[in-house]
Amino acid sequence: MPHEYLAPITLNPSPSGRRSQTSTPLDEGGKKWSRMRAVIILLLLFSALPAHADLATRVQRLTAPYGNKVGFTFIDLKSGRQLSVNGSREYPAASVAKVPVMACALHLSDLGQLNLKKKVLFRESDKLEGAGVLRWLPAGQEYTLWNLLRLMITLSDNTATRLAVNTVGTTEINSYVKELGLRQTRVIDPTMLVEPPATNNNLTTPDEMAKVVAAIYCRRGFTKGAAKQMITWMNYQRYRWGIWRGVPPGTYVANKTGQLEGILNDVGIVYTKKGDYILSIFTWGFPKVREARILINELSRAAYEEYTGKKTGQVKATKRKLSRRPSVKSRRLLGRSGRVSSHKLRSSPRR
């Protein structure tokens, strides 16, 4: 399974590929010029090599045994270079599709076309299984769209997601996705729970989801405040079994995970002293969730070590179940009245 660089340096050598046959006087000045020209040629040859070649080798070794079951995209946000394996292949998005929902909402808010303070009524029929806290609360409360988006990302709350998607509108979300130039991403399931082989499940590619995150990072279509808010929410999200486990403790990561039956995804930004980069990793069809999770951990570790030149240590295997039910600490976000507080969600080192 070959890897591909989507932003390589291209050279335009002469058709023959040979040095010029023009004679040069063999005086001292001619020798100096010849040596200088040799150095220039070597520099050009080295610059033509793909960036992060060692990372490409490690990624190739890690992903090759799994074929199309895994998709991987790495973007160096300092140079803009991109490394991709199955990057244009479509995968079920799962909860990773909540990222373009958030991005669309804040983009429309910045344009003055959507009020994030708009209150949305929470009904009993809105409750969904899976991640989140709203499903455990009595219906009849009103929540602002801003709070629904926050719960959608930080707790991956499926009920909040349904309310947010229905408020923003799938038409608006998919129009925004097309504005970004994405042609393979679609958000048509507001529950984020529809799985293959159903045809109405949300789809995306590692490359395209990485581009959504890059738009947030580079503030393309967002104010500084909106971009900062989205990155903060992603940093606060509680499921830390993926990219987080491949980087040293204390590393700032802003990501969003997704999990359905046989599907495990993670996309996010990793901030380092050497620079920042995006990882977009999708898996589909692994017989065991643990195997897919460890692969995501190892790919994250490879990216960090090759990018920074620092070792992170071996990824520890664990048999702990990836629970979707929020912890007691997470449920403290909601007060007795059922309204979401403004308390910041603390990161859990175990997720």
For segment 215-224, which positions are closer than 16 Å to Ile278 by Cα and surrounded by fewer than 18 Cβ atoms within 10 Å (Cβ to Cβ)? Cys218, Arg219, Arg220
Return yes or no: is Thr232 touching a Leu at 6+ places or on another chain (Cβ under 6 Å), farther than 12 Å from Ala103 by Cα and surrounded by fewer than 18 Cβ atoms within 10 Å (Cβ to Cβ)? no
Hey, could you check segment 133-151 for residues that are part of a helix (DSSP H, G or I) and of a type in the set (Phe, Trp, Tyr) and say which is nearest to Asp266 (Cα to Cα)? Trp146
Taking segment 152-202 as the search range and keeping residues that are small (Gly, Ala, Ser) and assigned to a loop (DSSP other than H, G, I, E, B), which one is farthest from Ala131 (Cα to Cα)? Gly181
Just checking, which of Ala292, Ala227 is farther than 21 Å from Leu193 by Cα, of a type in the set (A, V, I, L, M) and crowded, with 18+ Cβ neighbours inside 10 Å? Ala227
Tell me, please, whether a residue that is at pLDDT below 95 and aliphatic (A, V, I, L, M) can be found in segment 137-153. yes
So how many residues does segment 202-224 have that are of a type outside the set (A, V, I, L, M, F, W, C), in contact with a helix residue (DSSP H, G or I) (Cβ under 9 Å, 6 or more places away or on another chain) and more than 14 Å from Val101 (Cβ to Cβ)? 6
Kindly indicate which of Phe286, Phe282 is touching a helix residue (DSSP H, G or I) at 6+ places or on another chain (Cβ under 9 Å), more than 23 Å from His52 (Cβ to Cβ) and of a type in the set (Phe, Trp, Tyr). Phe286
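For segment 64-100, name all the residues that are part of a helix (DSSP H, G or I) and surrounded by fewer than 24 Cβ atoms within 10 Å (Cβ to Cβ).
First, pick out the residues of segment 64-100 that are part of a helix (DSSP H, G or I): 64-69, 94-100.
Result: Ala64, Pro65, Tyr66, Gly67, Asn68, Lys69.
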Residues being surrounded by 18 or more Cβ atoms within 10 Å (Cβ to Cβ) and of a type in the set (Ser, Thr, Tyr) - total across segment 168-200: 2
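The values are calculated or read from the model by the stated rules, or taken from the named source; none is laboratory data. Everything numeric in this text was worked out from a predicted model, so none of it was measured. Neighbour counts run over all protein chains shown; Cβ positions are idealised from the backbone, glycine included.
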